[in-house]
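Rule-based calculations on the coordinates, nothing more; no lab input. Treat the numbers as computed from the prediction; the structure is a model and nothing was measured.
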């Protein structure tokens, strides 16, 4: 299967640069069996579902992962995007105090002593990469305080393993949230604003850990959720922390040769029981977003036919030919051409159906990507 089979023409002006008010976006509804398309509004989503459906959302919370600072002592500008803590079982590089610079030590840094705590160590993308070698020190500061970073290990494509600490001490996560910027997707060609801190977050976000929003959930309002409740649509939340790999381009020619980056998820015991119970009774499980889909389908494979509770790592690459075991409906945004997310949607809705719907969405001037409009496949 060729990656080029998932290409489509998209005018740049349809890539949403600002979010519509919650609940105001358009909704394209696709019948996966026959390919029929209907146009509606996301506020009317509850009318497309039925009593007994189980809606599964991703309650991850995006944190302010983009830090802007300067090198010590040169003052050169540095941009750092925190990605994740190293995977469990990965040993952090041994700590070594910063080397002497200009004949004297960095005594003013109040550098913490070894050993390195796993909570202090991050995988990160840093720019300019060529100057940020192991031992390089960076300072991020603002009204809330000062955050320091040391490069521990140089990796590939600008990636670094770094250690963060607060100076002279304090809560590192709180300082990251205070000093950091919202990590808007690379196709949003503007700086983040205070409004993005709220808008690039679902109303049910709870568990901090994502560097990108589960964008299908950005459409929900308390009123839409209440309407779903009144109609007898049940709802449970699971957690999958969305990584920067969600923006990873597919650089191979054949779909089967691509790999997706792993993402950590967790499904509670009660939530797994609710999903398994819905499947046992022949009720539809509606996934809100591709992240929810990957977690559920990975968990059912891990449980050999039953959604298994507990933590997991989703490395599942879903493309046409995949046999879905859990989801019977999908709410999602419109995705990039030739992307792994589009391939997942095409696997569920049918490639020809989905691409025809995308062409219709372009003709009807739908807004695309993270801050764009929504698509419901049933």
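Tabulated results
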{"item": "0 to 90° range, to nearest 10: angle between helix 290-302 axis and the chain longest Cα axis", "result": "90 degrees"}
{"item": "Segment 135-202: C-alpha gyration tensor shape, a/c 1.5 cut-off, then a/b vs b/c", "result": "oblate"}
{"item": "Rounded to 10°, Cα long-axis angle of helix 340-349 versus longest principal axis of the chain", "result": "20 degrees"}
{"item": "Relative frequency of Cα-Cα separations exceeding 13 Å in segment 25-69, percent", "result": "72 percent"}
{"item": "Average Cα contact separation per residue, the chain, under 8 Å, 6 or more apart, as relative contact order %", "result": "26 percent"}
{"item": "Contour excess over end-to-end distance, with Cα ends at residue 1 and residue 74 and 0.36 nm allotted per residue", "result": "21.3 nm"}
{"item": "D (Stokes-Einstein, µm²/s), Kirkwood Cα radius, segment 177-237, 0.692 mPa s at 37 °C", "result": "244 µm²/s"}
{"item": "Gap separating the Cα centres of segment 213-278 and segment 291-308, nearest whole Å", "result": "11 Å"}
{"item": "Between 0 and 90°, nearest 10: helix 269-280 axis offset from the chain longest Cα axis", "result": "20 degrees"}
{"item": "Radius ratio Rg over Rh of the chain, counting only Cα atoms, Kirkwood formula for Rh", "result": "1.00"}
{"item": "Whole-angstrom Cα spans of segment 197-282 along principal axes, big to small", "result": "47, 37, 22"}
{"item": "Alpha carbon convex hull of segment 277-378, projected area averaged over orientations, nm²", "result": "6.8 nm²"}
{"item": "Fraction of beta bridges assigned by DSSP in the chain that are antiparallel (%, nearest 5)", "result": "75 percent"}
